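This report refers to the structure that appears directly beneath it.
The values are calculated or read from the model by the stated rules, or taken from the named source; none is laboratory data. Model, not experiment: these values are computed from the prediction. So basically every Cβ, Gly included, is an ideal-geometry build from the backbone, and we count neighbours across all protein chains shown.
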C-alpha cells in the first residue's frame, strides 16, 4: 500500500526566503508525481507534474525534483511571497493497470505561511 | 475553456438522508475521479471512471456510489449519511496519463 508523507507539517517564514518542502513515498512504482496548492476552503490547483522518467520540473519560482529510487520529491520555492501562503500537497499516481488506475495517493500537506 | 465544475458548492443534510454531487470535467477529458477530504487531511480516493466504466474504487463503504454519463460528466451518490461523511468532496478530471485537474469541491455538512 502506497503511503505518502510530507515534512514539515507546517512552516512559517519571512518574505523573501527560499524554502524546501519535502515529500516521501513508500512504493517507487509510480507513474508520476504531482504537486498541488490548496487555499483555505478551496479546491486543488496543480503546480507541477513530474513523470517517473524525469528528474525535475520548473515553473516560475517553483522547482520540483524527483528521486524515484529513494522515494523522495522536493518542492523548492524561491523568493517566497505572502501570496504563496497556502497548503501544499504532493500526490503520487501508480503505474496504469489493475484497480489503482488513476488513483492519486496524497500526503497530508505542508501548511505554509509567508509573513511580510 | 472552463475548468472542472462541481455542484452544489455547499449543502447541509441530515443524518440518514441521501446526497448527489455533480461534476463536469474539462472538455475532452474522459477520466473523472472523486475524492473526499476531511479537515486537516489530504484527499482520499473514492472512485475513478473512464469512458463510463469504473476503473478504481477506494476503501469506502457501499453507501458511496458513482456513475459517469455519455458526456463524461459524473455523479457521486452517498446514501444513509453519517456525521463522519461531512467533508469536502473533490472531483478531478484528466486526459490519459497527464496532469489531473481538480474542481473547487462540494462542501457537505451532515447534521
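Brief remarks follow.
One line per residue, one yes/no per condition, for (1) away from chain A (no Cβ under 12 Å); (2) within 10 Å of the chain's Cα centre (by Cα); (3) part of a loop (DSSP other than H, G, I, E, B); (4) farther than 19 Å from residue A:91 by Cα:
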{"position": "B:42", "(1), (2), (3), (4)": "no, no, yes, no"}
{"position": "B:46", "(1), (2), (3), (4)": "no, yes, no, no"}
{"position": "B:72", "(1), (2), (3), (4)": "yes, no, yes, yes"}
{"position": "B:88", "(1), (2), (3), (4)": "no, yes, no, no"}
{"position": "B:104", "(1), (2), (3), (4)": "no, no, yes, no"}
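- Residue under evaluation residue B:99, criteria (1) within 11 Å of chain A (Cβ to nearest Cβ); (2) modelled with pLDDT of 95 or more, criterion not met: (2)
- Of the candidates A:97, A:102, A:83, A:71, the single residue that is on the phi > 0 side of the Ramachandran plot and at pLDDT 95 or above is A:71.
- When the stretch B:1-32 is filtered for residues that are under 14 Å from the mean Cα position of the chain (by Cα), in a loop (DSSP other than H, G, I, E, B) and more than 11 Å from chain A (Cβ to nearest Cβ), the ones remaining, listed by number, are B:8, B:25.
- Taking the numbered list (1) out of contact with any helix residue (DSSP H, G or I) (no Cβ under 9 Å at 6 or more places or on another chain); (2) surrounded by 14 or more Cβ atoms within 10 Å (Cβ to Cβ); (3) in a strand (DSSP E or B); (4) more than 9 Å from chain B (Cβ to nearest Cβ) in turn, residue A:54 passes all entries but (3).
- Pick from the stretch A:42-62, criterion modelled with pLDDT under 95 and out of contact with any strand residue (DSSP E or B) (no Cβ under 8 Å at 6 or more places or on another chain), ranking: farthest from residue A:80 (Cα to Cα): A:53
- Number of the exception - residue A:80 against (1) loosely packed, with under 15 Cβ neighbours inside 10 Å; (2) in contact (Cβ under 8 Å) with a residue 24 or more places away in the chain; (3) assigned to a loop (DSSP other than H, G, I, E, B): (1)
- Residue count for the stretch A:20-41 under the criterion of being modelled with pLDDT under 95 and outside any strand (DSSP E or B): the result is 5.
- On the stretch given as the stretch A:83-99, residues that are surrounded by 20 or more Cβ atoms within 10 Å (Cβ to Cβ) and under 18 Å from residue A:3 (Cα atoms) total 7.
- Condition check for residue B:35: within 11 Å of chain A (Cβ to nearest Cβ) and modelled with pLDDT under 95: no
- Residue satisfying all of: in the stretch B:53-67; surrounded by 14 or more Cβ atoms within 10 Å (Cβ to Cβ) and over 11 Å from the mean Cα position of the chain (by Cα); modelled with the highest pLDDT among these: B:60
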